[in-house]
1. Look at the stretch 135-150 and say how many of its residues are more than 22 Å from the chain's Cα centre (by Cα) and outside any helix (DSSP H, G or I).
2. Out of Arg88, Arg127, Arg102, Arg78, which single residue is among the basic types (Lys, Arg) and without any contact (Cβ under 8 Å) to a residue 24 or more places away in the chain?
3. In the stretch 53-112, which residues are assigned to a helix (DSSP H, G or I), at pLDDT below 95 and more than 21 Å from the chain's Cα centre (by Cα)?
4. Residues in the stretch 188-204: is at least one of a type outside the set (S, T, N, Q), part of a loop (DSSP other than H, G, I, E, B) and exposed (fewer than 14 other Cβ atoms within 10 Å of the Cβ)?
5. May I ask you to list the residues in the stretch 185-221 that are within 10 Å of the chain's Cα centre (by Cα) and over 26 Å from Leu24 (Cβ atoms)?
6. Looking at the stretch 1-20 only, could you name the residues that are over 19 Å from Arg262 (Cβ atoms), of a type outside the set (A, V, I, L, M, F, W, C) and either out of contact with any strand residue (DSSP E or B) (no Cβ under 7 Å at 6 or more places or on another chain) or assigned to a helix (DSSP H, G or I) (or both)?
Amino acid sequence: MALVTRFAPSPTGPLHLGHAYAALVAHDMARAADGRFLLRIEDIDRARCRPEWEAAIFEDLGWLGLAWGLPVWHQSTRLPAYTSALNRLISLGLCYPCRCSRSDIRLALSAPQQAGPDGPTYPGTCRARPMLEASATDAIRLDLARALAFLGPRPRRFSETGPAHAGLHAASEEWLLTTCGDIVLSRRNMGTSYHLAVVVDDAAQRVSHVTRGEDLFEATHIHRLLQALLELPTPVYHHHRLIRDDRGQRLAKRDDARALARYRAEGASPADIRRLIGL
Ligand code: GLU
C-alpha cells in the first residue's frame, strides 16, 4: 500500500516557519517512500478563512518547491460526508444538542480548568437533552461515557513514529473522561468540527501517515476514538516538534515576522528556509 501523507492548513493567515516545517516533514516522508503527498485546505470555519490566504498557501508551498497530489480537497465542500458521519453517531444514540456558550461553560465549571484537546472539559449541562430538540444554533456533542460503553473493549490504540513518543498509545477511559469529555462533533452553524472533519477526510483520502505538530498529540486520542466509532482505519501518526520563536513560544499565525512571504521578500531561498528550521 502506498504511503500517503498530507499537509492540512487553514487559510486564516500567512504561513510561517512552523507551517513550512509541517509541510516539509509530510512532503519529505512521502517522497522518501515513493508515496503521495496531499494538500488539504481546512476551511470549515468560513468566518475566519479568506481566499487571499488560500492563494498565499499555494504560492508559498510552490515557492518551497513542493508538489502535491490533485485534486486539492477543500473541507468546505465536504459537508455531506461530515453530516453522514454525524448522523451515524446520532443513530447510535451517542449525541446530544448543546446550547451552552463558552461563558456558560466557564460559569458551570466550579474551578478554572486547564484546557484539554477540545477546550475545558464540558460539565454536561445539556447531556440529557434529546436530539429531537436540536436546532441549527445548537452544537452537537458526543456523550463520551456512552460512546465508551458502546465501544467496550474494542482496541483504541494508535501507532506513533514521532521522536517524542514513538510507540503504541492508548488513552485510559478516565483520562478521556476527565481531559477530553463530551467533545463537539458539530459546532454551532458549522455542521462539523475539526475533530470530525479531520477523521472523516484522513480516511476518505486514504492518508496512511498523519504528520502534524506535537501540540495535537492529545487530540489524536479523540481521533482514534472517532475512528473506532465510525469503523474507519487508523493511520500511523507522527507528531513532530514545533518551531518556536526566540523566547521559546510556538509560532502563531499572527507571527508575521516569521511569515514565509516575508522571508521570500527579503531574498531568502527555499534552502535557507530548510536550514532555518533544521531540515
Ligand atoms: N488544520 C489543522 C491545523 O492547521 C490541521 C491539523 C492536523 O494536521 O490534523 O492545525
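The values are calculated or read from the model by the stated rules, or taken from the named source; none is laboratory data. Since the structure is predicted, the reported quantities are computational estimates derived from the model, not experimental observations. So basically every Cβ, Gly included, is an ideal-geometry build from the backbone, and we count neighbours across all protein chains shown.
1. Residues that pass the stated criteria total 3.
2. Just one listed residue meets the conditions, Arg102.
3. Across the stretch 53-112, the qualifying residues are Ser103, Asp104, Ile105, Arg106, Leu107, Ala108.
4. Taking the stretch 188-204 as the starting set, the residues that turn out to be of a type outside the set (S, T, N, Q) are 188, 190-191, 194-204.
Within this subset, residues satisfying the condition of being part of a loop (DSSP other than H, G, I, E, B) are 188, 190-191.
Applying the additional criterion that residues be exposed (fewer than 14 other Cβ atoms within 10 Å of the Cβ) yields none.
No, that holds for no residue.
5. Ser193, Leu196
6. Of everything in the stretch 1-20, just one residue is over 19 Å from Arg262 (Cβ atoms), of a type outside the set (A, V, I, L, M, F, W, C) and either out of contact with any strand residue (DSSP E or B) (no Cβ under 7 Å at 6 or more places or on another chain) or assigned to a helix (DSSP H, G or I) (or both), namely Ser10.
Residue by residue, here is whether (1) farther than 30 Å from Arg99 by Cα; (2) within 16 Å of the ligand (Cβ to nearest atom); (3) crowded, with 16+ Cβ neighbours inside 10 Å; (4) modelled with pLDDT of 95 or more holds:
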| residue | (1), (2), (3), (4) |
| --- | --- |
| Leu177 | no, no, no, yes |
| Phe217 | no, yes, yes, yes |
| Arg224 | no, yes, yes, yes |
| Asp256 | yes, no, no, no |
| Ala268 | yes, no, no, yes |
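Residue-by-condition table, conditions (1) farther than 25 Å from Gly267 by Cα; (2) surrounded by fewer than 19 Cβ atoms within 10 Å (Cβ to Cβ):
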{"site": "Ala33", "(1), (2)": "yes, yes"}
{"site": "Leu39", "(1), (2)": "yes, no"}
{"site": "Asp45", "(1), (2)": "yes, yes"}
{"site": "Glu54", "(1), (2)": "no, yes"}
